[in-house]
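I have placed the structure first, in the form of structure tokens, so that the comments after it can refer back to it.
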Amino acid sequence: MKAINLPAIIAISFCMLQACQNANKSTREIQSEVIDSSMEAHTITDTTALNRGAGIADFLNEAALGGMEEIELGKIAIEKSANPGIKDFARQMVKDHTKIAERLKVLAEGKKMTLPAALPKTDLDHIAEMKNMQANEFDKHYMGMMVKDHVKTLDLFKSATTSGDTPLQNFAISTLRTLESHYKMATSLNDKLK
């Protein structure tokens, strides 16, 4: 009887060993997926700055300065660029960011906050340098800048959508679609210049 059970025990042991190895393989694959997804999570842009202490005044200030710069650069691009697509983009930027600035001003007034009246000297100096660029050089610099600036602006506005301040959230949510459209246009134009 002992001889009959021994082969059965060996067969069962072998099956269990194989099952354990397959389970370990699955566990390793799962652990690998968890590690990969956690690494991806670290590369995602942080859009919660507003929730971690960056206040409403900081948002209003940054949004106002960004908008002023977009308007000023758009006006220069309308005059300086030889590219009809960039001129159209610049006109759209001036139009849309002027409307956004008006709405931002109303939001700031409702919160009894003051928006900046002018761009910082470093931005003004950069704009002055851009005015002296040749048309092709200007176009490449302007469109590259528009792509980078809109990434930052989208992050800023996305963080405001979870700020906990209802008027600010509504403003950010209603503005995001326009900003996303600007980003897509800027990316497309910038890619054509390469």
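The values are calculated or read from the model by the stated rules, or taken from the named source; none is laboratory data. Because the structure is predicted, anything quoted here is derived from the model rather than measured. Heads up, the Cβs are rebuilt from the backbone with ideal geometry, glycines too, and the neighbour counts pull from every protein chain shown.
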| request: Looking only at the range 127-137, decide whether some residue is under 23 Å from the mean Cα position of the chain (by Cα), surrounded by 16 or more Cβ atoms within 10 Å (Cβ to Cβ) and assigned to a helix (DSSP H, G or I). | output: no
| query | Taking into account only those residues within the range 78-111 that are outside any helix (DSSP H, G or I) and at pLDDT 95 or above, which is nearest to residue 193 (Cα to Cα)? | reply | 83
| note | Restricted to the range 69-80 and to residues being more than 13 Å from residue 145 (Cβ to Cβ) and not acidic (Asp, Glu), the residue surrounded by the fewest Cβ atoms within 10 Å (Cβ to Cβ) is 75
| said: For the range 152-171, give me each residue that is touching a residue at least 40 places away in the same chain (Cβ under 8 Å) and under 15 Å from the mean Cα position of the chain (by Cα). | reply: 152, 153, 155, 156, 157, 158, 159, 160, 162
| the range 138-175, residues that are in a helix (DSSP H, G or I), among the hydroxyl-bearing types (Ser, Thr, Tyr) and more than 22 Å from residue 192 (Cα to Cα) | 153, 159, 166, 174, 175
| message | I need the full set of residues from the range 162-187 which are of a type in the set (S, T, N, Q) and either farther than 16 Å from residue 100 by Cα or not assigned by TED's automatic domain parsing to the domain that holds residue 112 (or both), in order please. | response | 162, 163, 166, 187
| Would it be correct to say that residue 164 is loosely packed, with under 12 Cβ neighbours inside 10 Å and at positive phi? | yes
